[in-house]
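Below is one structure, written out as structure tokens, with a few remarks after it.
The values are calculated or read from the model by the stated rules, or taken from the named source; none is laboratory data. Predicted model only: the values in this text are computed from it and were never measured. So basically every Cβ, Gly included, is an ideal-geometry build from the backbone, and we count neighbours across all protein chains shown. SASA here: full protein model, heavy atoms, side chains in, ligands and nucleic acids out. Shrake-Rupley method; radii C 1.70, N 1.55, O 1.52, S 1.80 Å.
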Amino acid sequence: MQQLQQTALKDIASADTTSSLNDLRVKYLGKKGAVQGLMKNMKNLPADEKPAYGQKVNKLKQELQKALEERKESLEAAELEGKITSEEIDVTLPGRRPSAGSLHPLTLVQQELEDLFVGLGYQVIEGPEVVEDLYCFERANIPRDHPARDMQDSLYIDPEHLLRTHTTAIQMKVLEEQAPNDIKVICPGKVYRRDDDDATHSHQFTQMEGLVIGEHITLADLKGTLEFLARKMFGQDREIRFRPSYFPFTEPSVEVDVTCHVCGGKGCPTCKQTGWIEILGAGEVHPHVLEMAGYDPKKAQGFAFGVGIERVAMLKYGIDDIRHFYTNDRRFAKLFERFE
């Protein structure tokens, strides 16, 4: 036992790393260590010698534990001092430039659209994402039993409140609050739909709707506004066309196409050989919508349009999959630093 004590204390004192010290702890105090081996010898001793023997083994164990702890503290202090010395910073060297993020492409497009319309005298109006069914659907001429709800019914909070399916909900609120005055607003924000996610669709996307109300506001005013929009966003040689369509809150309603930015309208795979790409829906505000908000349809007219910001960004930057906007890949966002 004395020989074991001398050998163990010598080994502990000569340990030069915490790792080697831990190996010694296992060697001497582990379940299969030397001290445990001494305890196993107790069964071979006479009964009257066992207590004294056990006390000596426990005393040896305590002395070795104390030596191990003291050596561990000494080694850890030395290792910390060495780490501090090796990681010393030369404060005279130039600092490292911190990594900075960049604006998201959807933010870039939204800001560009907002600047464009503010320059035309529009006011930017934002609203809550949880809206009343009244303003999301009924005031937009979509009653509860209307089939147009089938493709828009989304996440309901309760029977009367849901996540907005279009920013038309903001427009309907503005119409009610501003009646019977003239209006010229754009309403950007996230919206939610019953869409399956794929390369061109998402259950959540960003929309910007415009609304103009006044006297003698016609489709000609709408066309001029959208031509200005198309040429500012996609180039001065862009042309637009109206196609008849149907929306419950506009009459007449149109789908709006812009000449393909890839082929210039000649036809290519991007535009499916048609020369045109659909960018938004629009139309003259339905007289019943005006009437419900408190306007006289015989005196006030107006137009409305809604554009998907993801669609504009995909066309503007040549992005082939809408899901790239939502994967939070910094490499994708970094591509747009030059556009800021």
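Between L134 and E215, the FRET efficiency from the beta-carbon distance, with R0 = 25 Å, is close to 0.35.
Between 0 and 90 degrees, the angle of helix 168-178 with respect to the longest Cα principal axis of the chain falls at about 60 degrees. The magnitude of the dipole of the chain, with charges of +1 and -1 set on the Cβ of Lys/Arg and Asp/Glu and taken from the Cα centre, is near 2120 debye.
Were the residues from E160 through D237 laid out at 0.36 nm apart, the gain over their Cα-Cα distance would be 23.1 nm.
At 222 nm, what value in deg cm²/dmol follows for the chain if DSSP H runs of at least 4 each add -39500 (n - 2.57) and the sum is divided by all its residues, to the nearest 500?
Numbers: 11 runs with 136 residues, N = 340.
For the chain, the value works out to -12500 deg cm²/dmol.
The C-alpha atoms of region 8-125 occupy a region whose extents along the principal axes are 106, 40, 17 Å, arranged from largest to smallest.
The computed Rg and Dmax of the Cα atoms in Å for the structure shown corresponds, within (i) 21.0, 66; (ii) 37.6, 117; (iii) 18.9, 64, to (ii). Calculated from the alpha-carbon coordinates, region 260-339 shows an Rg and a Dmax of 18.8, 54 Å respectively. Beyond 21 Å in Cα-Cα separation lie the following of the pairs K31/K61; K10/K72; K190/K334; K184/K298: K190/K334.
Points 7 angstrom from Cα along the Cβ direction at N58 and D195: gap in nanometres? If labels sit at N58 and D195, their model points lie 7.6 nm apart. Computed from Cα atoms, the angle from the helix 50-86 axis to the main principal axis of the chain rounds to 50 degrees.
Quick one: accessible area per residue over the chain, 1.4 Å probe, rounded to a whole number of Å²?
Values: 19860 Å² over 340 residues.
Per residue, the chain has an accessible area of 58 Å².
Tell me, in nm to one decimal, what length is gained between F228 and A100 on full extension, where the rule is 0.36 nm per residue of separation less the Cα-Cα distance? Intermediate results must be reported in sequence, preceding the final value.
On the way: separation 128, 0.36 × 128 = 46.08 nm, distance 3.44 nm.
Full extension of this stretch gives 42.6 nm more.
When the accessible area of region 1-133 is computed with all protein chains present and a 1.4 Å probe, what percentage of it is carbon and sulfur? For region 1-133, the apolar C and S fraction of the accessible surface comes to 51 percent. One decimal place: the segment E177-Q273 gains 30.0 nm when fully extended, by the rule 0.36 nm per residue minus the C-alpha distance.
Taking the Cα atoms only, what angle lies between the long axis of helix 2-14 and the longest principal axis of the chain, rounded to 10 degrees? Relative to the chain, helix 2-14 is tipped by roughly 40 degrees. Against the empirical 2.2 N^0.38 Å (N residues), region 4-72 has a Cα radius of gyration ratio of 1.19.
By the Cβ distance rule (another cysteine Cβ under 4.7 Å), the unpaired cysteines of the chain are C136, C187.
Extending 7 Å from the Cα toward the beta-carbon at both E87 and Y246 defines two label points whose distance is 6.9 nm. Once Rg and the Kirkwood radius are both taken over the C-alpha atoms of region 189-250, their ratio Rg/Rh works out to 1.03. Just want the answer: with Cβ charges of +1 for Lys and Arg and -1 for Asp and Glu, which residue in C187, V118, L80 is farthest toward the dipole's positive end in region 60-214? In region 60-214, that residue is V118. In this calculation the C-beta distance from E70 to M42 is compared with R0 = 30 Å, giving a FRET efficiency of 0.60.
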